[in-house]
Amino acid sequence: MVAAMVRTRFTSALLITTALLAAAPAAASADGVFATASAASKGARVGAASSSHRLSLLLALRADDAALTAYASAVSDPSSPLYGKYLSPEQIAQRFGSSKADRARVTTALRSAGLTPHTGLGGFWIETEATVAQAGALFSTGFASYKARTSGKRYVAPTAKPTLPPSLAGAVTGVVGLDDAPAVKTAALEPLPPALNQELSDRQRSLGSSIRGNTGTQAGCAAGRAAGTDLGNGYYLPPYTPNQVNSAYGLSSLHSKGLKGQGQRIAVIEIDGFSRADLETAGACFGYKPPPTPVKLIGLKAPLPVGGETTLDLQVISASAPNLSSIRVIETPNTNSSFVQAVASAIEAPGSYRPSIISASIGMCEAGLAGVQPFLNQMERTLKSAAAAGISTVVSTGDTGSTGCPQGDNSGALPVMSVQYPASSPWATAIGGTNISLSSSNKITEEVVWNDSPTQFGAGTGGYSLLFGKPSWQTGPGVGSGYLVRSTPDIALLADSVPGYPIYCAASDCFGGWAPVGGTSAATPLFASGVAIANQQAKAAGQAQLGFLNKKIYKLAGNATTRAKVFRDVTKVGNDLGKMIGPDFTATGCCSATKYYDRASGWGSVNIPLFSYEARKLGGSRAGAVAGSR
């Protein structure tokens with residue numbers, strides 16, 4: 001049974017690791033200006049780089065970061081007079097962006113080098129494309145071609161420390177994109193009878209595992225209901241169909257009132273593609289029509305090949321908020337600079353098409369982020385800009401427990417305690433993972449932290465940040481001092497791949513049909529859907545959309561009455577996978593599930609209708625600009 005589970009498990013929270021997980025950390029120039037990996041740390045040199053190979057560059061400029069931070073904080077605070085007074089991207093640029101003089105100086109220098117510059121979000125950076133020959137001449141470095149140790153993919157990277165020319169010195173504070181190394185990691189059977197589902201749950205519970213049988217009531221087509229885990233004994237473990245998930249977290253009650261996301265938009269950041277036909281097949285199976293899925297390409301000339309991550313995100317959102325105006329799919333190549341541009345493009349969308357939520361099921365092992373401070377600076381500026389614009393950003397925490405530096409497709413991890421970025425950003429809402437048991441009416445009877453050990457590898461990531469201090473809003477019972485650093489997750493929802501979500505992806509190099517899928521990258525779009533419906537309710541009531549969520553989450557959790565209403569405290573299991581990681585196979589000691597806040601499930605799971613009601617009540621009747629209202 002164990003072998004069968006491992007074969008069919010697909011966890012899909014993708015992990016931006018800049019190919020560092022099995023290698024040394026990235027190196028930066030001594031002045032911290034260049035975010036570029038050490039060639040030796042990333043792979044083997046295999047030859048010269050083509051002089052015509054093109055790189056996507058971001059040149060960060062001086063800006064008023066302190067004022068941006070202060071405004072993003074105030075506009076997200078229900079107790080502030082600025083609450084809900086969200087800014088447009090143009091206003092963000094005027095108030096906090098770089099000076100006209102700096103932009104003109106950098107633009108002139110780049111044009112003199114034969115490049116075509118464009119101003120990025122908020123005037124925080126200038127972006128351009130350069131050939132290897134042009135980049136080498138501008139930054140006084142050579143380039144070579146390398147082969148990544150883990151993936152085998154080819155890329156180019158500098159062979160020497162770059163230097164900033166006098167024409168850019170002073171105005172440019174960071175350069176991202178001088179390497180383009182891979183950045184992101186991602187038979188007829190009978191359903192198990194109810195009695196055996198319960199027996200399986202009892203057995204796994206006695207082992208300390210979160211794996212549970214499906215004891216609720218499915219709905220949908222036969223093929224979707226049968227998209228379960230092969231137990232290797234003539235039975236399969238049925239997955240949780242959308243009616244079960246929606247009922248468990250209260251979305252069904254919202255749907256029954258006609259609240260299905262109308263007038264709202266979600267943007268998803270993706271590094272693989274999707275087939276609209278797959279979405280239609282899943283929708284026909286489970287009784288919904290998928291929302292429009294317009295595609296925005298960043299640094300690409302054609303859509304990406306069909307993959308499991310985007311397919312998962314879109315099918316979870318479509319089932320949970322089927323009447324959204326759109327799910328904007330922002331496809332991007334696997335580089336740090338393109339990731340910043342992708343998130344920025346969601347914020348910069350025209351007002352009536354701007355999303356109210358950005359959902360990202362990607363992450364970087366924090367322990368492998370040495371030397372990329374310019375990238376982190378630009379990403380943090382972008383996330384603060386989302387908050388200032390009233391856009392919620394929700395991010396998956398990862399699928400390898402408190403050891404958040406994965407190996408392979410999340411099938412193992414380095415024996416290092418780490419959380420993942422950008423979930424660890426103080427400006428993102430970090431979504432962890434749970435598993436549930438259901439009654440016959442699909443109400444939750446038990447919820448535990450997702451951790452499939454010792455049966456198989458996989459658990460929601462959470463722990464202590466190495467990069468960020470403890471935010472002022474991260475307080476409440478159980479939070480404690482937290483070593484004075486940012487802790488993740490903030491909340492958690494269904495993520496276990498057993499039983500998993502039934503997802504349809506026909507491509508042979510995807511799933512080849514129906515498959516049970518799990519990961520915090522399933523929990524994240526599920527919560528994003530709930531936030532979209534909350535924003536729909538806010539708009540109808542003349543209230544500001546929720547925007548940056550963490551201040552509201554911790555304020556609600558800090559009050560005993562609202563904490564009991566909104567959150568389901570998850571106090572069983574934990575996310576320590578240390579005993580499954582060599583060479584020592586010993587527990588890390590983090591993180592246990594406890595009463596109130598913990599670093600295995602945050603505040604626990606969310607009753608979405610009550611979260612919507614209580615979060616909106618915090619803001620009173622003050623209305624603000626509502627994005628995605630068309």
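The values are calculated or read from the model by the stated rules, or taken from the named source; none is laboratory data. Source: prediction; values computed, not measured. Ideal geometry is used to build each Cβ from the backbone, glycine not excepted, and the neighbour counts take in all protein chains shown. For accessibility, only protein heavy atoms count, side chains too; no ligands or nucleic acids. Shrake-Rupley method; radii C 1.70, N 1.55, O 1.52, S 1.80 Å.
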Exercise. Residue separation times 0.36 nm, minus the C-alpha to C-alpha distance between Glu129 and Leu82: what's the value?
Worked result: 13.1 nm
For this session: State which entries of Lys443/Lys617; Lys100/Lys555; Lys153/Lys301; Lys257/Lys617; Lys552/Lys579 exceed 30 angstrom in Cα-Cα distance in the structure shown.
Result: Lys100/Lys555; Lys552/Lys579
For this session: Give the accessible surface of the chain per residue, rounded to a whole number of Å², with probe radius 1.4 Å and ligands, DNA and RNA excluded.
Result: 33 Å²
Exercise. Which FRET efficiency, nearest 0.05, do Thr217 and His118 yield, Cβ-Cβ r, R0 60 Å?
Worked result: 0.65
For this session: Using a cut-off of under 20 Å, list every residue of the stretch 102-129 whose amide N is near the label point 7 Å from the Cα of Gln94 along the Cα-to-beta-carbon line.
Result: 102-104, 119-125
Exercise. With θ set to phi - 60° and the Karplus curve 6.51 cos²θ - 1.76 cosθ + 1.60, what are the ³J(HN,Hα) couplings of the stretch 76-88 in order, to the nearest whole Hz, using x for Gly and Pro?
Worked result: 9, 9, x, 8, 8, x, 8, 3, x, 8, 6, 10, 7
Seminar exercise, completed: Heads up, the stretch 184-616 by the C-alpha gyration tensor (a ≥ b ≥ c square roots of eigenvalues; a/c under 1.5 rounded, else a/b over b/c prolate, else oblate) looks rounded
For this session: Classify the stretch 88-187 as rounded, prolate or oblate, taking a ≥ b ≥ c as the square roots of the eigenvalues of its Cα gyration tensor: rounded when a/c is under 1.5, otherwise prolate if a/b is larger than b/c and oblate if not.
Result: oblate
For this session: Of the options Ala367, Ala528, Ser402, report the single residue whose Cα projects farthest towards the positive end of the charge dipole of the chain (beta-carbon charges: Lys, Arg +1; Asp, Glu -1).
Result: Ala528
Exercise. With all protein chains present, how much of the accessible area of the stretch 446-579 (probe radius 1.4 Å) comes from carbon and sulfur, to the nearest whole percent?
Worked result: 51 percent
Problem set entry | Given charges at beta-carbon only (K, R positive; D, E negative), |dipole| of the chain in Debye | 1260 debye
Exercise. What is the Cα centroid distance between the stretch 364-440 and the stretch 528-588, reported in whole angstrom?
Worked result: 14 Å
Problem set entry | Percent carbon-and-sulfur accessible area, the stretch 59-112, ignoring ligands, DNA and RNA, probe 1.4 Å | 52 percent
Exercise. If you take the C-alpha gyration tensor of the stretch 434-581, multiply each eigenvalue by 5 and take the square root, what semi-axes do you get, largest first, in whole Å?
Worked result: 28, 23, 16
For this session: Give me the number: length gained by fully extending Lys579 to Lys289, i.e. 0.36 nm times residue separation minus the C-alpha to C-alpha distance, one decimal in nm.
Result: 100.0 nm
Exercise. For Lys595 and Arg276 in the same chain, what is the full-extension length gain: residue separation times 0.36 nm, less their Cα-Cα distance, in nm?
Worked result: 110.6 nm
Problem set entry | Listed residue (Phe96, Asn336, Ala507) projecting farthest to the positive dipole end of the chain, Cβ model | Phe96
Seminar exercise, completed: Row for the stretch 220-286, column shape: gyration tensor on C-alpha, a ≥ b ≥ c, rounded if a/c < 1.5 i.e. under 1.5, prolate if a/b over b/c, else oblate; value oblate
Seminar exercise, completed: Under 5 Å from the placed amide H of Gln407, counting only residues 5+ away or on other chains, we find Gly412, Ala413, Leu414
For this session: Within 10 Å, count the other beta carbons around each residue, average over each peptide in 63-71, 295-303, and list them highest first.
Result: 63-71, 295-303
Exercise. To the nearest 500 deg cm²/dmol, what mean residue ellipticity at 222 nm is calculated for the chain from DSSP H runs of n ≥ 4 alone, each contributing -39,500 (n - 2.57), summed and divided by the residues?
Worked result: -8500 deg cm²/dmol
For this session: Quickly rank 489-496, 539-546, 213-220 as a protection proxy: mean count of other C-beta atoms within 10 Å, highest first.
Result: 489-496, 213-220, 539-546
For this session: Quick one: what are the phi-derived ³J(HN,Hα) couplings along the stretch 312-326, Karplus 6.51/-1.76/1.60 with θ = phi - 60°, whole Hz, x for glycine and proline?
Result: 4, 3, 5, 6, 5, 5, 4, 6, 9, 9, x, 9, 3, 5, 5
